[in-house]
Amino acid sequence: MRTFTPPSGPGRVVFGRGTLTRTRAEVERLGRRRVLILAGRSTAEAAAALEESLGPLVVARFDGAVMHTPTEVTEKALAVALEHAADCVVAVGGGSTTGLAKALASRVDVDQVILPTTYAGSEVTAVLGETTAGIKRTRSGPEVLPEVVIYDVDLTLGLPLPLTVASAANALAHAVEALYSPQATPATDAMALQAIGDLATAITTIGADPHDPGVREKLLEAAWLAGTCLGAVGMGLHHQLCHILGGAFALDHAATHAVILPHAMAYNASAVPEVMARIARAIGVTDAPSGVHDLLRAAGAPASLRELGLAQADLAGVAATAAGASYPNPRRLDAPDLAALLDDAWHGRRPAGTAAELSLLTTQVLASFDATPSPRARRLLRDLVCHLHRFAIGNDLTEAEWRYGIDFLTRAGQVTDDNRQEFILLSDTLGLSSVVDVLGGARTPDSTPSAVLGPFYCDDPPHASHGTDLAKGMAGTPVWADLRVVGPGDRPIPGARVDVWQSDDQGLYDLQHPDLPEPQLRARFFTGSDGRLAFWTILPSEYPIPDDGPVGQMLAAVGRHPFRAPHIHFLIDAPGHHRLVTQLFVAGGEHLDSDTVFGVKEPLVAPFEQGEGPAPGGRQITGEWRRLTYTFRLARGPHPPENLASLDQPTAPST
Ligand code: NAD
C-alpha cells in the first residue's frame, strides 16, 4: 500500500483557442496594474498582441529570456522590473521565458501570468532551475509557482516540427518518470498515462500537418497533464541526467530529453517492469524503452548526444556526477552502468535486449500494413497484431502451446461445414459475439436489447400467416405467441418483417437434421396493421451447443457446461428502423444465469405463462399450454440492408 499527500494544485488554468485575449481580465483579477511582458524573439508577435490587449497595464517588455535561466540574464530583467515598478510579469514563450518569470518572482513581489508556447510544463511547477557559472541548481517555493497559466492553442500552431517533437518528448519524460516516482498518487498515475497515450498519438501524427489545431490541442493538453505530474512528484535519473547536461554543457533542453529518455527508461526497466508494461500499453508497443526510441526517431527527434554537440570525453564526468547526486530512482545508481547508458545515448543506439528485439519485430509487422488502402482494415490488422504479440510476450508463450492453438483452430476449421460453424461457436463461447452485439446494437434506453444471431439463422425462411403452428404437430408444450412490434412512443409498426427460429424439444435445430424435407420451427411473418403477429409453436428447452468438436472440448476442459438457456430467436426488419436481432428467454428456465454464450439479458427474459381458458384460434388442447406476450420496441434508424445473408458472412472491413 502506498501512502501519499498530494501537494496543493497549481494555480489557475485557462485553456482553449484564442485565450490570449483573456490575459487582461486575468491580470485585473489578480489586482495587478503594472505589467512587465517577458518574451523571446520567436514569440515577438504574440508579445505584440499581448501589449495591444493589455493596453495601459503594460509598463515594460523584456525579450531576452535564455535557456537554463542564467542568473546574469535574470539580473538584467530584474533591473527592468524594478525600474518600472512592475507588479506582474506576463510571460509568453517556452520554458526559458517561464523560467525567467519564475526567477523574477523568486526575487521580487510580482505575480506571474504565463502563456506557454512549448510543451515544457514548467508553468505548472513550483520549481526553478537556475544556472550560475555552468552549474544548474533547482529550488522551489510557493512564490515560484505561477498564479495563472493561460494555454492558448493558437500560440503553438507555428512551433516548428523539430521543436514540437523534442518538446513533446520533454512532456513525455515528465509523465514517464512520474509513474515510478515514490510520491506517485492515483491522480498522477492517471494523468501520466493519459498524457503518454495522447503524446504518442500526437507525435506520430503531427508530421502530417504541423498546424492541425486538433493535434496541437491534444499536445498542449498532454503537456499540461505531464507538467502537473512534474509539479506534484519528484523526478528520477532521467531528469537528473538532463539537468546535468543542460547546466554544464548548455545542451538544448528538449532535445536532450528526446535523446536520453529511452536510455533512462531502459536503465530503470528491470526495476519497474509493471510501470514499463503500462507505458508500453499506453503507447501501443510491446517494450516501452525501445518503443519510445522508435516513436521519437520516426518523428525525426535527435538520436544522439553526439548530434547535440557533446564531446565523448565529457561522458565520464556526467556519469560520476549523476551517480553521486541524491535523488529518488527505482534502480540503484551505479557509475559504470550510468557510463554505459550515456555511451549508448552518445552513439544514439537503440535500447537492446530481447524485449527490444521483440518490439522491433512487432514494429516491422505493423509497418507491413502501412500500404493497406482501407484505413479501417489497417487499424484492425495492426491492433490485432499488437494484441497477439502482447498476448504471446506477456504469457511467455511456448512453442508447444502455440502449436496446440494452431491445431485447435485447424480442427475448428475441419469440423466446420455448411451446417456447422465451429468458429461462431468459439466466438459465442468466448463472449466475443455478445461484445460485438453490444457494440453494434442500435439501442435507445427504451428499445429492446439485441442478442447474438447464433449459427442457425437461415435467410429467406418460409412465409407463414398469422395463427400458423410452426411445430406442425411436433412433440412439446404448445405456446401461443402473441407479439407486437412498435417504434418510439409505442407506435405500432405494420408490415415489419419478423423471422422466427428455434430448436425442437430435443434441443436441435432443423439445420442439424440434414435429411428433413422442409424447414422446421422457423418462419417469416409480416406484422399486421396493428403491429401484431401471432402463431403457435412449442416451448423451447435448454440445449447444449454442438459440443462434439474442439469448442466442446474446450468447455469440458475448463469445467463449463455447453447449455444455452431456453430461447426463441427473432430478426425484425422495418423500414425506417434499426434491425433488431434478439432472443426471448423462458422465465424460470434452466441456465439463465450461466448461458454458455453469455446471451441472456434481463429485459429479454419473458414470462411464458400457463394458458387458461380456451386456446386461441379455436385449437383443441387437452393438456398444458403456454402464452407468450411480448412487445418488441425498435429504435428509429436507417433502413436495414436487404441482404440478410450478409449477417452470416464475415463482414469485409469498411473504411
Ligand atoms: P525554450 O523556451 O528555450 O524554447 C525553445 C525554442 O523554441 C526557443 O528558441 C524559443 O524561442 C522557441 N519557441 C518557443 N515557442 C515557440 C513558438 N510557439 N513558435 C516558434 N518558436 C518557439 O525551451 P523549452 O524547451 O520550452 O524550455 C526549456 C527551459 O525550460 C529550460 O531552461 C528548462 O530548464 C526549463 N524547464 C523548467 C521546468 C521547471 O519545472 N522548472 C520544466 C521544464 C523546463
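The values are calculated or read from the model by the stated rules, or taken from the named source; none is laboratory data. Being a predicted model, the structure only gives us computed values, none of them experimental. Heads up, the Cβs are rebuilt from the backbone with ideal geometry, glycines too, and the neighbour counts pull from every protein chain shown. SASA here: full protein model, heavy atoms, side chains in, ligands and nucleic acids out. Shrake-Rupley method; radii C 1.70, N 1.55, O 1.52, S 1.80 Å.
At-a-glance table
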| read-out | value |
| --- | --- |
| Reachable aspartates and glutamates from K76, criterion Cα separation under 16 angstrom, eight or more residues apart if same chain | D63, E130 |
| Cα-derived Rg over Rh, computed across the chain with Rh taken as Kirkwood radius | 1.14 |
| Burial ranking of peptide ranges 94-102, 369-377, 180-188 (average Cβ count within 10 Å, highest at the top) | 94-102, 180-188, 369-377 |
| Column: log10 I(q)/I(0), Debye, Cα scatterers of the range 435-513, q = 0.13, 0.18 Å⁻¹ | -0.59, -1.07 |
| Solvent accessible area, Å² - H211, 1.4 Å probe, full protein context | 110 Å² |
| Protein accessible area in the range 368-411, 1.4 Å probe - carbon and sulfur % | 61 percent |
| Kirkwood Rh, angstrom, the range 368-411 [1 / mean 1/r, Cα pairs] | 12.0 Å |
| Gain in span if fully extended, A85 to T410, counting 0.36 nm per residue against the direct Cα distance | 108.8 nm |
| Shape call, the range 177-274: gyration tensor on alpha carbons, a/c limit 1.5 | oblate |
| Label-point gap, in nm, between Q194 and D334 - each point 7 angstrom along Cα→Cβ | 3.8 nm |
| Nonlocal amide H pairs with I150, under 5 Å, H built at 1.01 Å | V14, I114, L115 |
| Label-point gap, in nm, between F391 and A250 - each point 7 angstrom along Cα→Cβ | 5.6 nm |
| Per residue accessible area of the range 141-201, 1.4 Å probe, in Å² | 27 Å² |
| Environment charge at A86 (Cβ cut-off 11 Å; Lys +1, Arg +1, Asp -1, Glu -1) | 0 |
| A208-D460 FRET efficiency (beta carbon distance; Förster radius 51 Å; 0.05 resolution) | 0.60 |
| Radius 14 Å from Cβ of G284, net charge of other residues (Lys, Arg +1; Asp, Glu -1) | +2 |
| Phi-based couplings in Hz for the range 329-336 (Karplus 6.51, -1.76, 1.60; Gly and Pro marked x) | 8, x, 10, 3, 8, 9, 4, x |
| Partners for K218 among lysines (Cα-Cα distance below 28 Å; same-chain residues under 8 apart left out) | K102 |
| 1.4 Å probe accessible area per residue over the range 368-411, in Å² | 77 Å² |
| Cα pair distances of the range 578-623 binned at 10 Å [whole percent] | 22, 34, 27, 17, 0 |
| More than 18 Å apart - percent of Cα-Cα pairs taken over the range 258-312 | 34 percent |
| Computed lengthening from E401 to R560, 0.36 nm per intervening residue step minus Cα-Cα distance | 55.1 nm |
| Accessible surface of the range 428-633, 1.4 Å probe, proportion on carbon and sulfur as whole % | 55 percent |
| Rh by Kirkwood over Cα pairs, then Stokes-Einstein D for the range 428-633 at 1.002 mPa s and 20 °C, µm²/s | 121 µm²/s |
